[in-house]
Each structure stands twice: as structure tokens, then as C-alpha cells.
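Reviewing the structure listed below.
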Amino acid sequence: MSTAAEVSQNNNVGPVMRQGELAQAVVEAAEIDNPDKIIKVEDKVAYLRIQTSDEMILKRQTIEEMLGRPFSMSEIEIELASFAGRIDTQVEYIRFYHAKHL
Amino acid sequence: MANLGRLDWYDIARNTNWQPTYVQEDELFPPQMSGSMGIPLPEWESYDEPYKQTYPEYVKIQREKDAGAYSVKAALERSNMFENADPGWLSVLKAHFGAIARAEYSASTAEARMARFGKAPGMRNMATMGMLDEIRHGQIQLYFPHEYCPKDRQFDWAHKAYDTNEWAILASRHMFDDMMTTRGAVDTALMLTFAFETGFTNMQFLGLAADAAEAGDWTFSNLISSVQTDESRHAQIGAPLVAILIKNGKKAEAQKMVDIGIWRAWKLFSVLTGPMMDYYTPLEHRKQSFKEFMEEWIVTQFERSLIDLGLDKPWFWDQFLEELNYQHHGMHLGVWYWRSTVWWNPAAGVSPEERTWLEEKYPGWNATWGTNWDVITDNLLAGKRELSYPETLPVVCNMCQLPINATPGPTWKVRDFPLDYKGRTYHFCSEGCQWCFEQEPERYKDHLSLIDRFLAGMVQPMNLAGGLQYMALAPGEIGDDAHNYAWVEKIRAARQKAAA
């Protein structure tokens, strides 16, 4: 078990999504859009913590395909309750990242 | 008509800085209101907000969020959640709405100040939406508890709390006024949007949502996590601001405001969120301990992002990590002991099974905090409930306004940090609270804690009845044990079984 002093030494990035259809689509998109990365999903019932290390990209088109309906990137905000790392919001994708690797 | 992509016009549309010709720059942006630390206007124009949103998008998305929250409420209104909920859970709701709902309006004025006086156009754009977000949070968190008012008048405190001098509200108001209503745009952004909203609100609006979902209160779970989706966006006001301050040699100033914000938020959460998560939420519905939620949200996530932006860990970080093990246990003991002075019914949360859980999550709990609860339990078992009420007042910190306490045991660890300033002696619970005061003593010096007011004769008559009247706690609102002491009978049965 890690101590509290050590746990801030991490490189986790990624969205914390409220439970539901969009959260599931984001989990699938995270896998597809970040093929070389291990995606970890923690289920906290009310929310899903979807994480990888250093950088995660989510593409609008991938989420749209996973949902099976039109999706604009800004709609992610309806369920995006928090996130680890920094955020970069673009029209066609959203990116979570750390500038520094610890 | 062809539509431009958002990013093709966003920067131009929100770049509303212009050269004033009728007034000076300092008249348009008074330094006291903008708090811009002498950083020139072109530097502020380099502010690049990471979470970009346009007003048409905002309206569309907020509409969907509200449709979701209100339709969940409507669908579950006949589910008898209130009737079936554990009384400890209802106490979570009462404490939450009372301490939070009206503070959201203060947050709205804070956002309005940033929207008007922030020198960075991007900050003003984000804060305009942030201001509307906070009005939403005030309204929705008054509307949702309103349906419970006819069933239980303690819910009236969702609206009433901030109009009173009840002690927990004195503490909340002292902190929120400090970070929301009395500082310029830059300091407000650092303390409120950065320290408080990217950090601590996750605890109250997502950590607690996980417990709520476990407890089957989907209305509340959905409501507060929806609130946090707004926070998640407008909290990003702080990050590009930190970058500009560091670039312009103001890192120390930024660090100081962030540190004050974190320390002050921690103290308030230790009395509010800690007892909710580790004592009021029914044992079978506790997703994680308060400490585990703090580690998830504040240590693993928030502290990491603070370092990424180029700030340092606060100087008090080791002390803060240490306090995660004990501070809220003391706060809970105090709230339960002085239970007639709060607008909710604190759950003791110390049945045999709950004590086993506490020992597992906080090794050593039984040998320390447990010994205090042993005395209370023994008195209640002996039918001496009067001994489970206080006869004196606690010593209260002149910064966080909360009782000074530390882990009980063979050594006396409670320590007062006194400070003399301009002829008055102030008492603090910790180095952190004393340090906050010392940064700006003139700002804080005239505030009187509830105990100061009592000693000054402002509370009359000088007894419990006078105190309750001063705090506006009417009959029917005064707190008592959430389970009407049923847990004591469980302990009696367990002891009889063990003896047989």
C-alpha cells in the first residue's frame, strides 16, 4: 500500500465521467484512440475514473461511432465531472495531459 | 450560410480588450478589483484558456444538464427515498444543503467580479459562464431540498443557514467570504477556482455522489455530480492564470494565495465532509473512507496538477497529510457532543460494526477516539444522558472558527497557537491557521469568533438557551442524535450476549 506522501508522484491523466451511456462510449474510445496505452477504469458507481499515463486523446468521431448517434465534442461536458491532468479542448478531439513526467 | 469552426472565430470573438480613451486603464480596471499585480495588459492578453466554450454551446449544454437533473428528480419523487432513508443519510443532506446552497450565490458574485475586472479576456469569458453556473447551483440546491421542508423543518436551513450566526455557518461564512466576496479577480481566481474548485469541490460533489449512489439516493447523486460538471469547466480559470503569474515573476504571490485556499478549505471540509463520509453515511453504503477520498481527489489528482503547473507543494503539506488521519474524528466528536447547536441530527456512527470499520480505516482509532466514545457510551448505557452533553464552551480557532482539538490518548496533544496583535490575543488551532492570519492580520483582526462574542456578552442570556437563540435554532430544528440513541441499545445487546 502506498503512503499518502507517495501518491502524488503519479502521471495519471484522463476524464472522470458520470455513469451512463456516454461514459461507456468514452471508455471504448479511450481504448481505440490510445492504442499503445493501458487504460484503467475505476468504477465508483456514481462516476467512472478513466485513466492512463501522461496523455490521453479522445476523438469526437470515435465517441460518435461508439454512441451510434451524432456527437459534438463539447457535449462531453454534460457528463465530464472532473479530470486528472490538464485539458485541451478542440472541435474534433479532447486531450488530457501532463506537461511534466514525474 | 457557411459556418466557421469554433476555433476559427473564438479568439477574435472573446478578445474584448480595447484601448480606453475616456478613462485611464486603472479606472477601467481598478487594481484593488482586478488584483493584477502590476502585470501589463499585453501579458494578460496571452491568457489562453484550455477549456474553450462559446455562449451558444453553453446554453445548449446547460439545458441538457438541467433536463437530466430535473427529470431524475421527477422520476424518483414517488420512490419514498425520504421515508426509507437512514436518518444518518438525511443528516448528510441537511448539512450539505445548509452549508452549500446559499454559498453558491457568493460564488456567483466572485465569478461576476472576475467577469468584469479580470484583465484577461479569456478569464472574463469563462467567468461569465461561471457566474451563470453558480446561479444554477444556488437555485437547484434550494429547489431540491424544498420538497422535504414539509416533512422535516431542519431542511428549512437549506435557505436559512446563512442568515444566522450558527457556529458552523460562522466558520463557513468566514472562509467563503475570504475567498469569494472580498478579494480582487486574481486572488479570487487562485483561491476559489484553482485551490477550491479544481481541488476540494470534487470531494463534496463527486466523492459524496459515490456514497449517495451507494445509498440509493440517485436524485442527490445525480444533482451534485451534475453541479461538478460546471465546476470542472469554470475551475479551469485558474490554470492559465498561474502560468501568467509565474512567467511574470509572481510565483510566490500565486503560491501564497493557493496555499491559503487549500489550508482554509481543508479545515472546513474536516468538519463538514469528514463526519458525513465516515460517520453519517450508513456503513454499508460507504464507498471509501474520507481519508481515501481525500487521497484520491486532493493528493493523487489535485496536488499532481498543482506541480504540473509549476507551483510547489504547500509548505504545510506534511502536516496536512498527518491531519488526514485524525482531524475530522475530533470535529465529529465535537459536533455530536454539541449536537443541539447544529441544524441536523449527527449520527454517532460508533456501533460495534462501525468501530471495527473505523479501526480498519484508521488504525489506532479504538485506542484514541474510541476511549472518548467509551465514556459517552457508558454514560448512555447507565441512563445518564445528561452527562453526554457539554457544560462548557470549546476553545475556537480565530481563523477556521472551529474547536481546537487533537487526538486523545496518554499524551496531551492539544496545542493552542496564540498570537498577540495590536493588544488582542488570538488563538489558533494550528500553525496553518496562524500563518493565514499573519499574512494579512489587518484583514482578519476585527472578526469575533462565537466564543469571543459570548465572552463579550453579545450572547444573552449566557447559557445554552441564550446560545441557541443567538444561533437562531428554533425548537424542532435543534439537533439530536440521528438514531435517537438506538445504537446504544445495540451495544447493550452485544455486551449482554458477550457476558452470557
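Observations on the model:
- Along principal axes, Cα extents of the range B:321-446, largest first, whole Å: 49, 31, 28
- The eigenvalues of the Cα gyration tensor, multiplied by 5 and square-rooted, give the protein assembly as shown an equivalent ellipsoid with semi-axes of 40, 29, 23 Å from largest to smallest.
- Fully extended contour minus Cα-Cα distance, from B:Leu381 to B:Asn366, at 0.36 nm per residue: 3.6 nm
- Normalised alpha carbon radius of gyration of the range B:207-280 [divisor 2.2 N^0.38 Å]: 1.47
- Put A:Lys37, B:Lys73 in order of accessible area, highest first, and with a 1.4 Å probe you get A:Lys37, B:Lys73.
- The charge dipole of the protein assembly as shown, taken about its Cα centre with unit charges on the Cβ of Lys, Arg, Asp and Glu (plus for the first two, minus for the last two), comes to roughly 780 debye.
- Surface accessible to a 1.4 Å probe, B:Asp156 within the full protein complex, Å²: 70
- The range B:378-493 shape via C-alpha gyration tensor axes, a/c threshold 1.5: oblate
- Of the trypsin sites (Lys or Arg not before Pro) found in the range B:436-475, those that fall in a DSSP loop while having at most 14 other beta-carbon atoms within 10 Å are B:Lys445.
- Remark: relative contact order (chain A) = 35 percent; criterion is Cα-Cα distance under 8 angstrom and separation of 6 or more residues.
- Rg/Rh for the range B:92-198 (Cα atoms only, Rh after Kirkwood) is 1.03.
- Candidates B:Gly409, B:His427, B:Leu473 compared by Cα position along the dipole of the range B:373-489: farthest toward the positive end lies B:His427, with charges placed on Cβ.
- Theoretical gain in end-to-end length, B:Asp177 to B:Ala75 [0.36 nm per residue, Cα-Cα removed]: 33.0 nm
- Euclidean distance between Cα centres, the range A:47-102 to the range B:393-425, Å: 46
- Assuming charge only on the beta carbon of Lys and Arg (+1) and of Asp and Glu (-1), the dipole of chain A about its Cα centre is about 260 debye to the nearest 20.
- Normalised by the number of residues in chain B, the mean separation of alpha-carbon contacts (under 8 Å, six or more apart) gives a relative contact order of 17 percent.
- A simple charge model with +1 on the Cβ of Lys and Arg, -1 on the Cβ of Asp and Glu and nothing else charged puts the dipole of the range B:176-220 at about 160 debye relative to its Cα centre.
- Overall dimensions of chain B by Cα: Rg and Dmax, Å: 23.6, 90
- Selection from B:Ala210, B:Val227, B:Met179 lying farthest towards where the dipole of the range B:163-229 points positive, charges on Cβ: B:Met179
- Helical mean residue ellipticity (222 nm; -39500 (n - 2.57) per DSSP H run of 4+; nearest 500) of chain B: -16000 deg cm²/dmol
- Prolate/oblate/rounded call for the range A:11-97, Cα gyration tensor, a/c under 1.5 rounded: rounded
- A dipole drawn for the protein assembly as shown from +1 and -1 charges on Cβ atoms has a positive end, and of B:Ser34, B:Thr356, B:Ala161 the residue lying farthest that way is B:Ala161.
- Rounded if a/c under 1.5, otherwise prolate or oblate - the range B:313-374, Cα gyration tensor axes: oblate
- Over the range B:152-203, the Kirkwood radius and the radius of gyration, each from Cα atoms, give a ratio Rg/Rh of 1.08.
- The peptide list B:77-89, B:192-204, put in order of mean Cβ contacts within 10 Å with the highest first, becomes B:192-204, B:77-89.
- For peptides B:464-473, B:20-29, sequence by mean Cβ density within 10 Å, most packed first: B:464-473, B:20-29
- Largest first, the three principal axis extents of the alpha carbons in the range B:193-330 are 50, 31, 19 Å in whole numbers.
The values are calculated or read from the model by the stated rules, or taken from the named source; none is laboratory data. Values in this document were obtained by computation on a predicted structure and should not be read as measured data. Counting neighbours? That spans all protein chains shown, and the Cβs are built from the backbone with ideal geometry, glycine included. When the accessible area is computed, the model is the full protein with side chains, heavy atoms only, and any ligands, DNA or RNA have been set aside. Shrake-Rupley method; radii C 1.70, N 1.55, O 1.52, S 1.80 Å.
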